[in-house]
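None of the figures in this text is laboratory data; all of them are computed from the coordinates on show. Small disclaimer: the values here were computed from a predicted structure and weren't measured. Ideal geometry is used to build each Cβ from the backbone, glycine not excepted, and the neighbour counts take in all protein chains shown.
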Amino acid sequence: PGLRDAYRTARPETHADTSNTMAQNAQQQAMMDKKLYDMAKSMEDALDDELHRMNNMDQDDLENIRRKRLESMKGDQDKRKKFLAMGHGELRDLQDEKEFFSEMKGENMMVVHFYRNNWPCKVMDMHLDLLSKKHLETKFAKIDAEKSPFLTERLKIWMLPTLALVSKEKIMDYVVGFDDVGGSDDFPTEHLRLVLASKNMIDYHGDDAETDARRSTYEKTTEVVDKKNLRKGGGNLVLGSDDEDSDFD
């Protein structure tokens with residue numbers, strides 16, 4: 001199937017198109033604002049509960065908290081070493097379809113960017129690279145869609161960029177284009193972070209807003225490509241299926 005970039009087509013916009021786009025953007029922004037508010041409210045409630053609990057502690061309680069914190073820090077260090085050994089902490093560039101199947105084995109959470117060498121995909125790469133360093137619990141990878149015909153056909157990838165969300169060797173969901181992050185390529189990393197968190201692809205509760213990247217900080221260098229004969233995305237793929245065996249023997 002043809003692959004379409006996440007850009008507007010060359011058809012001139014009508015007044016109705018502009019109105020619909022503005023309404024959709026306003027609705028998406030309202031949804032994102034609500035997510036941020038809900039996260040902030042949850043954090044505030046949790047902080048109030050913690051302050052109340054601490055005000056009623058004795059010395060034994062404080063020692064117990066210190067011990068548990070040290071144990072947690074050691075556990076976090078062990079997890080970090082394990083994740084880095086598994087290839088987490090970076091945006092991995094997969095060379096072919098065999099490597100895709102190999103890399104997804106044993107992963108609880110994996111985000112795979114199907115891309116081509118164009119501007120929208122470079123924007124997505126910038127955000128994913130930042131998130132890969134913040135969320136070691138998740139493996140982040142990318143694969144050239146045009147060099148992966150079996151996967152793009154089987155998964156019905158029709159627009160680029162598309163993120164395939166993998167859990168326990170199954171494709172669970174997709175993020176197609178930029179619709180989920182506001183409908184524009186000039187979105188903050190936090191928007192993508194919230195989307196991935198809502199789809200259980202990263203462990204995040206809105207408690208860190210340091211990571212960010214926007215299109216305006218980079219130079220646009222690629223051209224727009226538009227193709228016809230599109231197919232709706234959303235196929236499923238399970239590791240170990242007959243298709244994998246027949247295609248990669």
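May I ask which of Lys41/Lys79; Lys68/Lys134; Lys35/Lys147; Lys133/Lys168; Lys79/Lys142 have a Cα-Cα span longer than 32 Å here?
Lys35/Lys147
Enumerate the calculated ³J(HN,Hα) couplings along region 140-154 in order (Karplus 6.51 cos²θ - 1.76 cosθ + 1.60, θ = phi - 60°), each rounded to whole Hz, writing x wherever the residue is Gly or Pro.
10, 8, 9, 9, 5, 5, 6, 9, 10, x, 5, 5, 5, 6, 5
Quick check on packing: order 21-30, 51-60, 123-132 by the mean number of other C-beta atoms within 10 Å, highest mean leading.
So the peptides 21-30, 51-60, 123-132, ranked by packing, come out 123-132, 21-30, 51-60.
Sort the following peptides by mean Cβ neighbour count (other Cβ atoms within 10 Å, averaged over residues), highest first: 187-200, 82-95, 32-45.
Top to bottom by mean Cβ count within 10 Å: 187-200, 82-95, 32-45.
Rounded to whole Hz and in sequence order, give me ³J(HN,Hα) for region 105-117 from the Karplus expression 6.51 cos²θ - 1.76 cosθ + 1.60, θ = phi - 60°, writing x for Gly and Pro.
5, x, 8, 6, 9, 8, 10, 10, 8, 8, 9, 9, 7
If I stretch the segment between Arg80 and Gln27 completely, what's the gain in nm (0.36 nm per residue apart, minus their alpha carbon distance), one decimal?
Extra length available between Arg80 and Gln27 comes to 15.3 nm.
Using the Cα centre as the reference, give the magnitude of the dipole from point charges on the C-beta atoms of region 141-200 (Lys, Arg: +1; Asp, Glu: -1; all else neutral), rounded to the nearest 20 debye.
Magnitude of the dipole: close to 360 debye.
Obtain the radius of gyration and the Kirkwood radius of region 82-205 from its C-alpha atoms and give Rg over Rh.
0.92
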